[in-house]
Amino acid sequence: MTAVWVRGGMIVTASDVFAGDVWIEDGVIRQVGVVRPSGEAHVIDATGMYVMPGAIDEHTHMGMPFNGTVSADWDTETIAAAIGGTTTIVDFAIQRRGGTLVEAIETWRNKADGRTAIDYGLHVAITDPRPEVIAEIPEAVKRGVTTVKVFMAYKGEMMVDDTALFQTLLAAREAGALVMVHAENGDAVVLLQDLLYEANKRAPRYHAESRPLEVEAEATRRAIALAKLADAPLFIVHVTGREPMEEIRRARHRGQRVYGETCPQYLLLDESYLALPGFEGAKYVCSPPLRHASHQEALWTALAEGVLQTIGTDHCSFNFREQKHMGRDDFRKIPNGLNGIENWVQLIYTYGVCQGRISLSRMVDLISTQPAKLMGLYPRKGTLAVGADADLLVYDPSGSATITAQTQHQNSDYNAYEGFVVQGKPQWVLLRGNVIVQEGAYVGSLRDGEFVPCRPYSAAYGEKAPFESRTLQAELVDA
């Protein structure tokens, strides 16, 4: 492999910004800062640009079955991700009813291998928490899948009860895994959905009314309490507003190992989009739903202050004309999910960094370094350091563009951020030293991406994994 010399740029890490170069050999970073070339190299002129670690989207759903349909798949969506500056995703392998965790992991790897433009890791979601399934968590960890997701919503489909959540927390703590929670009170949601439907309130905007912020805050508080009881770390995904965010703040203030993520849609879109004329609001149906615009600044502040640690897209893309219209007469049947993986880096840079809400280094921390640490990919991913994978994003901050579905690479007939003006663009993207985006154009192959095993939570944070009361843990898993 030819060496690569990224020269003349402004290096940006989670802690520093400085002028310097990056020297790459055999897909690995060998020098950062003052480079002394050790031979011939392919030179990338990064003058006037930022050189940062590739973005890591730790929350995606590629080719995921949901509500009788399937979200956009690995081939188109990972190309879009690469063009947008993302070099690694962590996707959710969903256990099927009656199936096992190992089966889910193997199914997702078969879906992805040979069809991904970028590297990927996996979470595994428990939807059928039989005792033998929870007992599989150590095997998942051995296979490099060290994050386990539990849904407190989607009753009758993926939701688990508090017993199963607590058992999962205990078993994950023993295995050194990190539990991720979709925090909504699924029982309350179903009741509210049915009441609205019976009252002939069936348009997309009622999706948000059926899942008010209170059901998210309550579930967040409950999950945090169970994690404290289990002495287990906890990761709350897609935090949408002030109240659930404050639950995380209070837990962290107490010293509890609770982490939180929010998404671009909750920072930039609001519930008014669900009330667009006709059926247009269906484009913006996701769960938890979009909130009132007043919550956005609270989330940006939480990101800046470290109350929330990561930004993930929750990219789960469904077409409007065919798939979203499945719920034309019943909001409960609209597939939940938005697109966004192609433009999220530009959006966070434009509306976060350029508007002074977060620093450039904090942006790198939120979209690359912290995701890498929490998902068990660090220090191989998420940093520009000697010995790390040469996953680089060379971002040109000059110029602006308007987001539109007409020019996107995502396989969707709409773009959730249609009309948003963004500053700058990813100019060069390298995956393990290979150029996959050159001057903004995709030049890679769907065979470029590889599965990346994740390390246990305890390895990334230097903590002991075993839960102290093995007897209690065994009793609860067997119950």
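The values are calculated or read from the model by the stated rules, or taken from the named source; none is laboratory data. As the structure is a prediction and not an experimental result, all values here were calculated from the model. Cβ coordinates were reconstructed from backbone atoms using ideal geometry, including for glycine residues, and neighbour counts include every protein chain displayed. For accessibility, only protein heavy atoms count, side chains too; no ligands or nucleic acids. Shrake-Rupley method; radii C 1.70, N 1.55, O 1.52, S 1.80 Å.
The simple Förster model, with R0 at 41 Å and r as the Cβ-Cβ distance, assigns E209 and E40 a FRET efficiency of 0.05.
Going by accessible area, probe 1.4 Å, with all protein chains left in place, what is the ranking of E450, E136, largest first? Walk me through the numbers before you get to the answer.
Numbers: E450 85, E136 30 Å².
Reading off the accessible areas and sorting them downward yields E450, E136.
The residue list F66, A80, V51 was ranked by how far each Cα lies along the charge dipole of segment 26-85 toward its positive end, using unit charges on Cβ atoms, and V51 comes out on top. Identify the residues of segment 211-241 with backbone N under 14 Å of a label point that sits 7 angstrom from the Cα of A298 along the Cα-to-Cβ direction, or state none. Of the residues in segment 211-241, 212-218, 220-221, 239-241 have backbone N under 14 Å from the label point off A298.
Going down the table (K111/K333; K111/K425; K111/K155; K201/K333; K111/K283), which pairs top 22 Å between alpha carbons?
On the way: K111/K333 26 Å; K111/K425 30 Å; K111/K155 26 Å; K201/K333 13 Å; K111/K283 26 Å.
Over 22 Å apart, Cα to Cα: K111/K333; K111/K425; K111/K155; K111/K283.
Basic side chains Lys and Arg get +1 at the Cβ, acidic Asp and Glu get -1 at the Cβ, and with that the dipole of the chain about its Cα centre reaches some 460 debye.
The Cα atoms of segment 401-449 give a gyration tensor whose axes a ≥ b ≥ c have a/c of 1.5 or more with a/b no greater than b/c, which makes the shape oblate.
Can you give the local net charge around Y351? Use residues other than it whose beta-carbon is closer than 14 angstrom to its beta-carbon, Lys and Arg +1, Asp and Glu -1. Please report the intermediate quantities before stating the final value.
Values: positive: R357, R362; negative: D270, E297.
Charge balance in the 14 Å sphere: 0.
Taking N as the number of residues in segment 70-145, what is its Cα Rg relative to 2.2 N^0.38 Å?
On the way: Rg = 13.5 Å, N = 76, 2.2 N^0.38 = 11.4 Å.
Scaled against compact globular proteins, the figure is 1.18.
Averaging Cα coordinates gives a centre for segment 241-304 and one for segment 204-226; these two points are 11 Å apart. With θ taken as phi - 60° and the Karplus curve 6.51 cos²θ - 1.76 cosθ + 1.60 applied, the whole-hertz 3J(HN,Hα) list for segment 225-230 is 5, 5, 5, 5, 4, 7 Hz, x standing for glycine and proline.
When you count the other C-beta atoms within 10 angstrom of each residue and take the mean per peptide, 323-334, 55-66 line up highest first as 55-66, 323-334. In this calculation the C-beta distance from D329 to D162 is compared with R0 = 41 Å, giving a FRET efficiency of 0.75.
Electrostatic tally near V239: other residues with Cβ closer than 12 Å to its Cβ, Lys and Arg +1, Asp and Glu -1, net -4. Take the alpha carbon gyration tensor of segment 125-258, find the square roots of its eigenvalues, order them as a ≥ b ≥ c, and report rounded if a/c is under 1.5; if not, report prolate when a/b exceeds b/c, else oblate. Verdict is oblate for segment 125-258.
For segment 5-47, with every protein chain kept in place, what is the accessible area per residue (1.4 Å probe, Å²)?
Numbers: 2190 Å² over 43 residues.
Computed with neighbouring chains in place, this is 51 Å² per residue.
In the chain, the calculated helix contribution to ellipticity at 222 nm averages -8000 deg cm²/dmol per residue, counting -39,500 (n - 2.57) for every DSSP H run with n ≥ 4. Could you tell me which label, among (i) 22.9, 74; (ii) 21.4, 73; (iii) 23.9, 82, carries the value of Rg and Dmax of the Cα atoms in Å calculated for this structure? The calculated read-out lines up with (ii).
If R0 equals 30 Å, the separation of the Cβ atoms of A19 and L446 corresponds to a calculated FRET efficiency of about 0.25. Measuring nothing but protein heavy atoms, the accessible surface of the chain at 1.4 Å probe radius is 49 percent carbon and sulfur. Other residues with beta-carbon under 12 Å from the beta-carbon of T76 carry, at +1 per Lys or Arg and -1 per Asp or Glu, a net charge of -3. Measuring nothing but how far apart in sequence close Cα pairs (under 8 Å, 6+ apart) lie, relative to its length, the chain scores a relative contact order of 22 percent. Accessible area of S412 (1.4 Å probe, protein heavy atoms only, ligands and nucleic acids ignored): about 20 Å². What's the angle, to the nearest 10 degrees (0 to 90), between helix 296-305's Cα axis and the longest principal axis of the chain? Roughly 60 degrees, rounded to the nearest 10.
Accessible area ranking (1.4 Å probe, heavy atoms, ligands and nucleic acids excluded), largest first, for E280, E322, E106: E322, E106, E280.
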